[in-house]
Structure formats: structure tokens, C-alpha cells
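Report on the structure given below.
The values are calculated or read from the model by the stated rules, or taken from the named source; none is laboratory data. This is a predicted model, so every value here is computed, not measured. Cβ coordinates were reconstructed from backbone atoms using ideal geometry, including for glycine residues, and neighbour counts include every protein chain displayed.
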Amino acid sequence: MLILIWGILIFFIFFTIHIARWRIYPPKQPTNSLFRLFLLNLILSLILLWIASRSTLVINLFFPKNLLECLHISLLYLSLGLFYIFNYPAIEADSPSLLIIQHIADAGSHGLAKEELYKMMTDDMLIKTRIMDLMKDGLVYKSGDIYRLTKKGNYTERVFIFYRRILNMPKGG
């Protein structure tokens, strides 16, 4: 139970700092900043937990007893945090499916004509914002009128292809 409480608490601290930081000063590279904050929070939390568990000034019942418990707390935090970080881009940007649902819902009970929906769903709304996000995160750069992957973008693409192969899915999205 102690592992569960500390793992969730450390994740909650990370999440709270993330929300506060983004509201005060949104970073230029949100995904990179999020990952750095995630790791820094883990390291500082483990150091503080270890110090508190060795201190005679606090009740040691509430702190990990050994390195194995700290490892279990870290694994829970890593699971929660990495899940959040990998899903953050979907949270950050409007998904096409969600936008379609919102437009249809806004139309009310009389519905939305196909032509109206197509007028609303433009490349500016769907593609250009995604390209800008990829450029902001350093995955893509523009050379003249051509977009190219950076080394980081190539690596990311390989990870996704590998993951899709594991799931026996085709290369495309």
C-alpha cells in the first residue's frame, strides 16, 4: 500500500508542477520539457524519500524501508508518467475525430450537412498545426518547400514502426 501511495503522490506532484509551469510559462518544446520535468521530479523525490526514511525526526512507518521499495515506487511512477507523456500530444492538440464530434454536437438536433463539415475541416486545422508541433519538438525541419525528418524524427519513426510490427499492424496510420 505504501508503494501505491508514494507512486501516485509523486506522479501527482509531477502533474501539478507540469500544469502550473505550463500556465505560467509554456515551454517552446513541450514534450522535451515534460520529459525533463518528469525525470527531475523522479530523482528529487527519490532523494527526498531516501533522506526522510533515514531521518530519526520523522515516523519511518510512512517511508520506504529499503532500496527495493524505492525501486517499486519508481516503477509505478515511471508507468504512470510515461503513459501520460506518450499521450500528452493527443491531449495537447485537437484530434480530428474530437473536432468532428464537436462540430456535429454544436449543430444541435438538426445535424450538420456533409458540405458544412468539409468546409470546417481544412488542412489549416488538421495538418498545418500538426506539422508546426513536429517542428517545435525538433522532429521535422523545413528545407525550402520540403519537410524532412531530423535524427530525432527518424528515431521516433523507427520506434513507432517497431511498435506497430509488434502489434502486427501495417506501417500506415
Restricting to segment 37-58, name every residue that is surrounded by 12 or more Cβ atoms within 10 Å (Cβ to Cβ) and either within 18 Å of residue 79 (Cα to Cα) or of a type in the set (Lys, Arg) (or both). 37, 38, 39, 40, 41, 42, 44, 45, 46
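This table checks each residue for (1) touching a residue at least 12 places away in the same chain (Cβ under 8 Å); (2) exposed (fewer than 11 other Cβ atoms within 10 Å of the Cβ); (3) in a helix (DSSP H, G or I).
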{"site": "109", "(1), (2), (3)": "no, yes, yes"}
{"site": "138", "(1), (2), (3)": "yes, no, no"}
{"site": "152", "(1), (2), (3)": "yes, no, yes"}
{"site": "155", "(1), (2), (3)": "no, no, yes"}
{"site": "159", "(1), (2), (3)": "no, yes, yes"}
{"site": "162", "(1), (2), (3)": "no, yes, yes"}
Does segment 48-59 contain any residue that is farther than 13 Å from residue 81 by Cβ and touching a Ser or Thr at 6+ places or on another chain (Cβ under 6 Å)? no
Looking at segment 7-25, which of the residues that are part of a helix (DSSP H, G or I) and without any contact (Cβ under 8 Å) to a residue 12 or more places away in the chain is surrounded by the most Cβ atoms within 10 Å (Cβ to Cβ)? 22
Looking at segment 37-44, can you tell me whether even one residue there is within 30 Å of residue 126 (Cβ to Cβ) and touching a residue at least 12 places away in the same chain (Cβ under 8 Å)? yes
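Confirm whether residue 126 is of a type outside the set (Ser, Thr, Tyr), in a helix (DSSP H, G or I), surrounded by 13 or more Cβ atoms within 10 Å (Cβ to Cβ) and in contact (Cβ under 8 Å) with a residue 24 or more places away in the chain.
Details: of a type outside the set (Ser, Thr, Tyr): yes; in a helix (DSSP H, G or I): yes; surrounded by 13 or more Cβ atoms within 10 Å (Cβ to Cβ): yes; in contact (Cβ under 8 Å) with a residue 24 or more places away in the chain: yes.
Against the criterion (of a type outside the set (Ser, Thr, Tyr), in a helix (DSSP H, G or I), surrounded by 13 or more Cβ atoms within 10 Å (Cβ to Cβ) and in contact (Cβ under 8 Å) with a residue 24 or more places away in the chain), residue 126 qualifies.
Yes/no matrix, rows are residues, columns are (1) out of contact with any strand residue (DSSP E or B) (no Cβ under 7 Å at 6 or more places or on another chain); (2) at positive phi; (3) not hydrophobic (A, V, I, L, M, F, W, C):
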residue	(1), (2), (3)
78	yes, no, no
102	yes, no, yes
107	yes, no, no
130	yes, no, yes
138	yes, yes, yes
141	no, no, yes
147	no, no, yes
Restricting to segment 113-123, and then to whatever is at pLDDT 85 or above and surrounded by 10 or more Cβ atoms within 10 Å (Cβ to Cβ), can you tell me which residue is farthest from residue 145 (Cα to Cα)? 113
Failed condition for residue 134, given (1) modelled with pLDDT of 80 or more; (2) among the aliphatic types (A, V, I, L, M); (3) surrounded by fewer than 13 Cβ atoms within 10 Å (Cβ to Cβ); (4) closer than 22 Å to residue 31 by Cα: (3)
